[in-house]
Amino acid sequence: MHNEEICLFVKRLCTTIFNEGGAVIHGSHPTFTEPLEEAARAFINAGGEIGALTLVRAQRFAETPEQIEEIERQRQFAVVQVVPAEAEGAHGSDLTPMRDWMAERSDVVVCVVTSRNNLGAMSRAI
């Protein structure tokens, strides 16, 4: 399966979820930013709410001027939640609090993996 097909799948899945009254929470990996934005903007343009899509970021990805600017742009089509990192010395990675935040608010989790043998950017985007 090619990257374009995966992005089309993500867009169609989100569109279906939005149209059925559901919401999507995504960890803001840039691989899927475009299809998520397209689905969310189409939903909003049809009268839907911005809150259908929530983009979650770890604090370390919300600190530079460029990141802050990107967050402001994303708030035009999504709720953006910045999750603080764990206290220094805590177990886990910088992303653990963000992942916990998403899991606590999710009924279903969908992971997209392109191949076990090809660990490129798309495979890391789950």
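Using only the heavy atoms of the protein chains and a 1.4 Å probe, how would Val24, Val79 rank by accessible area, largest first?
Working: Val24 20, Val79 60 Å².
Largest to smallest exposure gives the sequence Val79, Val24.
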By average C-beta atoms within 10 angstrom, highest first, the peptides 30-40, 94-104: 30-40, 94-104
Cα→Cβ-extended label distance, 7 Å offset, between Ala42 and Gln81, nm: 2.5
Long-range HN-HN contacts of Ala58 with modeled amide H, under 5 Å: Val83
Candidate residues Arg60, Arg73: accessible-area rank, largest first, probe 1.4 Å: Arg60, Arg73
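The values are calculated or read from the model by the stated rules, or taken from the named source; none is laboratory data. A quick note: this is a predicted structure, and the numbers were derived from the prediction, not measured. A quick note on method: Cβ atoms are made from the backbone with ideal geometry, for glycine too, and the neighbour counts reach across all protein chains shown. Heads up: the accessible areas ignore ligands, DNA and RNA and are worked out on the full protein's heavy atoms, side chains in. Shrake-Rupley method; radii C 1.70, N 1.55, O 1.52, S 1.80 Å.
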